[in-house]
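Questions regarding the structure given below will be posed in turn.
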Amino acid sequence: YEMQRSLVGSEMCIRDREYPFPRIPYKEAMLKYGCDKPDLRNPLIIVDVTEFFQRCTFKPFHGLTVRAIKVSGHMSKGFHEKMLEFAKSIGMGGLGYLEVQEDLKYKGPIDKFIPDDMKKELMDLAGLEKEDTIFFIADNEQLANNYACQIRTELGKRLNLIDESKFKFCWIVDFPMYELDDNGKIAFSHNPFSMPKGGLEALNTMEPLDIVAYQYDIVCNGIELSSGAVRNHDPEIMIKAFELAGYGKETIEEKFSALFNAFQYGAPPHAGIAPGIDRMIMLLTESDVIRDVIAFPMNSNCLLYTSPSPRDYAASR
């Protein structure tokens, strides 16, 4: 409390907070918010309508991941034009939408591509009511998530849905242990030294892409404040984890010898988290740019790059 008052100079920063902080699995966060750093002050939720649109006649959505975002109320023509302009500025080809009329029929560019017997299904799937507007985002899964996240944020800002007076915290948990790299091969997703849930049994019996790790982030207002994990302290589990990612035991011994050798003597289970103090101060001071609160921001002329170094007495005279 005293730290907040000294930083901001008022009691405005004593924000509403909800306890306990929600725990959101990574997959759920990616689906509902399009990212693993959700701003929960924004009430808009992303809905997956991929399977639905594979059964419609709108060919541009076929074979793609399709996300939808519902907002209350009909938007003006100018609003739609500005949202389309924003969508194109972030790399999207367009931004489809539908408006729900008083008689619960749809109005919008893609209405004619939705069979009449499926329109009620979309209404139930997205929780639509009369006077609602629903926006659609389609691309490959990674880009669909990314675009949907940005469209959700932009809609929240333009519709004044984000309560700036609050701090909204959450834990993001169950990060995937592995992902596919650009060549389609299994690779570590985040921290290779995290303990996989299920330990050695999970590594031996589960599909790598289904394995989650004891990794967790704490997020506030869309900003990642801290990252942490339960350390993989078991050499046998470590060897198997790296093996699935295409690395042999010799790689661990060569590149991570200090850690690997230490664990040969036995280590208790342990975990930790690394707080980002600069990010916390950025939120407390209501700064938009983290460089404004960093004592020594990184740049090409940073004097710390060459320190410690001998003093150049000739240059100092």
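All of the numbers you see were taken from the coordinates with simple rules; none came from a lab. These numbers come from a predicted model, not from an experiment. Because the Cβ atoms are built from the backbone with ideal geometry, glycine has one as well, and the counts that use them run over all protein chains shown.
Calculate, in nm to one decimal, what Ile277 and Ala295 gain on full extension: separation in residues at 0.36 nm each, minus their alpha carbon distance.
Net length gain for the segment: 5.3 nm.
Taking the Cα centre of the stretch 172-254 as origin and charging only Cβ (+1 Lys, Arg; -1 Asp, Glu), how large is the dipole, in debye to the nearest 20?
160 debye
Additional query: If you take the alpha carbon radius of gyration of the stretch 98-198 and divide it by 2.2 N^0.38 Å, what ratio comes out, to two decimals?
1.53
With everything on Cα atoms, drop me the angle between helix 77-89 and the longest principal axis of the chain, reported from 0 to 90° to the nearest 10.
Compared with the principal axis, the helix lies near 30 degrees.
Continuing with this model, one more query. With n ≥ 4 as the cut-off for DSSP H runs, can you work out [θ] at 222 nm for the chain, using -39500 (n - 2.57) per run divided by the number of residues, rounded to the nearest 500?
Result for the chain: -9000 deg cm²/dmol, rounded to the nearest 500.
Follow-up question, since we're still on this one. Would you please give the residues with an amide H less than 5 Å from that of Val212, counting only those at least 5 places away or on a separate chain, with H modeled from the backbone geometry?
So Val212 has HN proximity to Met177, Lys197.
Would you mind calculating the gained length between Gln101 and Leu259 on full extension (0.36 nm times residue separation, minus the Cα-Cα distance), in nm to one decimal?
Length gained between Gln101 and Leu259: 50.6 nm.
Another one. Quickly work out the Arg158-to-Ile90 label distance, labels modelled 7 Å from Cα along the C-beta direction, and quote it in nm with one decimal.
Modelled inter-label distance: 1.1 nm.
Hey, another quick one. May I ask you to derive the relative contact order of the chain, considering only C-alpha pairs under 8 Å and at least 6 residues apart, and to give it as an integer percent?
It rounds to 18 percent for the chain.
Can you work out the FRET efficiency for the pair Lys119 and Ala187, with r the C-beta to C-beta distance and R0 = 35 Å, to the nearest 0.05?
Computed FRET efficiency for Lys119 and Ala187: 0.25.
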